[in-house]
Every structure is written in C-alpha cells, then in structure tokens.
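Written out below as structure tokens is the structure these notes cover.
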Amino acid sequence: VVIYRLPRGESVVFPGSHCPSCGTAVKPWDNLPVLSYLFLRGRCRACQTRISLRYPAVELANGLLFGAVGWLFGPRWLALVMMAFVAALLVAALVDFDHQIIPDSISMGGCLFGLVFVPWANMQLGIPFFSSLISSGLGALIGGGTLWLVAFLHARMSVALGREFPHWPGEGESVPRPGEADYWLWFPGLGLGDVKLLAMIGAFLGPWGALDTVVCASVFGLVAGVLWGLIRRDLNAPFGFGPALAFGALIALFFPLHLFWLGLGH
C-alpha cells in the first residue's frame, strides 16, 4: 500500500485497502498477508480481476526481513526499531525502481527516526545515549556526505570534460553556477534522494555501516546497471540506485563487512 500510494501523493491510511480495478473495499479476512492471496487464488473476490503477484511477494519479503531482524536482535526494543528500518528500505527500493524517486518522508523522515530511536533503543541495552547519538549522527553525515561528494565531483568533472546528459542540465538550460543552489544539489546520474537515503542508512547503522553500504551498493549497482542496460539494449538507460543502496544496507546490517576489514570477524 505504501509503495503504491506514497509516490502518487495518496494517503496510506484513508481510504482503506480496496481493489484498484473495481474499488470494492477489501474485507479484513481478505487482507491477510500472503494467505489471503492464496485463498483467493490471486483474484479479487468481487470482480475476479487478477491481483499482481507483487503484493504477496512484498508481504513475504517484509515478513522474512522482520523475522531475520527478530532472530538477530532478540526480544529487544532495538529489534522493533530495526524492523522499521528494513521496512523503509523495502519501500524506498521499490518506489525508486518504479518511479526513480525516493520520497523525503521515507529518507529524511527515516533519518530523523533513526537519530532519535536508535540511541534510545541502545540506551535500553546500557549504551550511553549521547555516544550512540554521536554514532548515528556521524553515520548520517558520512553516509550522505560520501555520496554527495561523489555526485558533486562527478558533476564538476563532467562539466570540465564537456560531457552531456539527456536529463542534465536539461534542454534549454545552462549548467548551474556556484551561486545557484542547483550547483550544489543537482547532479547528473545520481539524485539527491540517494544521498538522503544513505544518510538515513547511516543514522541506523552508524559510520561503519554507512561505509559497508557504499561498498556493497557500488558493486551491486554496477552489476545491476550492466544487466539493466543489456535488458533495455541501452547501456545509458537510467535506473534507480535506491535498490542497490537498500541491498547494501541489508548486507551491512546482517553481515557487517567492516568487522572482517578490522580483523574482528570470525
């Protein structure tokens, strides 16, 4: 519901779940994740229109992620906080895949949530609140700052080399100058939404988690970008980087690579 409605500017609360084809409200017993899809054989009870397989797939993926977080963190408040984190990653990844945007309500709202509730949840485990707050703050700065720096330098190098992009700076528009906000915030090939999403990831996972995410997302994004270009038969075909960032963040959460880099892994 969130993935479908949020980029369209619709409320995720009202109206309740309904068939997008006939508009019939979905009964509570027809709204059970995965199970209702199986019981209804993938069709709306009212109009028999086929329900996209994506609905139960997203429900199953989210449930598996919640289970993995519960297994990793146990019965702690931090588990609930991280469940919100993985749900936000799933939403951001699929919205970006569909529309090549990442809503601020997910990225910036999630960043604020992480900055507040990760230190609070860690405090319940005996970790000083302010040290955890500093870690989350540094994670957000390093995460967002790293990706912003890459995008900014790429933009400056592109201008210096005379590179042109179909979407940047846009038909009839000049390249942004230092005195303009777009000079600092508008880049070819990478949206500011990606920068904000990595800032959110850093708020939850801290500085090392943000760096782990950058490494994993870069590798995954390269592979996915080449495959996407081959599928579209255009290696310049644009695609959202959000799914790669989400994948990298999940790897950083469940298999923190920095522990092995620092010789702390087993």
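These residues, Arg177, Arg232, go from largest to smallest accessible area, 1.4 Å probe, as Arg177, Arg232. An ellipsoid equivalent to the chain, defined through the eigenvalues of its Cα gyration tensor, has semi-axes of 32, 28, 17 Å when rounded to whole angstrom and sorted largest first.
What you get for the stretch 1-154, charging only the Cβ of Lys and Arg (+1) and of Asp and Glu (-1), is a dipole of about 520 debye around the Cα centre.
Each Lys and Arg Cβ is given +1 and each Asp and Glu Cβ -1; about its Cα centre, the chain then shows a dipole of about 760 debye. Packing, taken as the mean count of other beta carbons within 10 Å per residue, orders the peptides 242-249, 119-126 from highest to lowest as 242-249, 119-126. Amide H contacts for Arg43 (H built 1.01 Å from N in the peptide plane; partners 5 or more residues away or on another chain; cut-off under 5 Å): Ile51.
The relative contact order of the stretch 66-132, computed from alpha carbon pairs under 8 Å that lie at least 6 residues apart in sequence, is 27 percent. Projecting the Cα atoms of Ser36, Gly23, Leu53 onto the charge dipole of the stretch 19-72 (Cβ charges, centred on the Cα centre) puts Gly23 farthest toward the positive pole. Summing +1 for each Lys or Arg and -1 for each Asp or Glu among the other residues whose beta-carbon sits under 12 angstrom from that of Leu6 gives -2. Working from label points 7 Å from Cα in the Cα-to-Cβ sense, the His154 to Ser21 distance is 4.0 nm. Separation of the stretch 83-100 and the stretch 211-249 by C-alpha centroid, Å? The distance from the Cα centre of the stretch 83-100 to that of the stretch 211-249 comes to 15 Å.
Accessible area per residue (1.4 Å probe, heavy atoms of protein chains only) ranks Tyr4, Tyr37 as Tyr4, Tyr37, with the largest value leading.
For the chain, with the dipole built from +1 on Lys and Arg beta-carbon atoms and -1 on Asp and Glu ones, taken about the Cα centre, which of Gly172, Gly143, Phe14 lies farthest toward the positive end? Going by the charge dipole, the pick is Phe14.
Between Ile101 and Ala46, the simple label model (points 7 Å from Cα in the Cβ direction) yields a spacing of 2.8 nm. Surface listing: Arg50, Arg41 arranged by accessible area from highest to lowest gives Arg41, Arg50, probe 1.4 Å. A 1.4 Å probe, protein heavy atoms only, puts the accessible area of Glu10 near 80 Å².
Given the protein chains as shown and a 1.4 Å probe, how many square angstrom of His154 are accessible, to the nearest 10? Only protein atoms counted, so the area is about 60 Å².
Candidate membrane-span-like segments in the chain, meaning DSSP H helices with Cα atoms spread over at least 20 Å of their own axis and a Kyte-Doolittle mean of 0.5 or above, are 54-73, 77-99, 104-123, 129-161, 192-232, with no membrane implied. With both labels modelled 7 Å from their Cα along Cα-to-Cβ, the Leu112 to Leu230 distance reads 4.4 nm. For His18, the solvent-accessible surface computed with a 1.4 Å probe is close to 70 Å², ligands and nucleic acids excluded. Given a cut-off of under 8 Å on Cα pairs at least six residues apart, what relative contact order in percent is computed for the chain? Reported relative contact order: 18 percent.
Residues in the stretch 1-137 average 60 Å² of solvent-accessible surface per residue, probe 1.4 Å, ligands and nucleic acids excluded.
The values are calculated or read from the model by the stated rules, or taken from the named source; none is laboratory data. Remember, predicted model here, so these are calculated numbers, not experimental data. When we count neighbours, we look across all protein chains shown, and the Cβ atoms used for this are built from the backbone with ideal geometry, even at glycine. Side chains included, ligands, DNA and RNA excluded: accessible areas come from the protein's heavy atoms. Shrake-Rupley method; radii C 1.70, N 1.55, O 1.52, S 1.80 Å.
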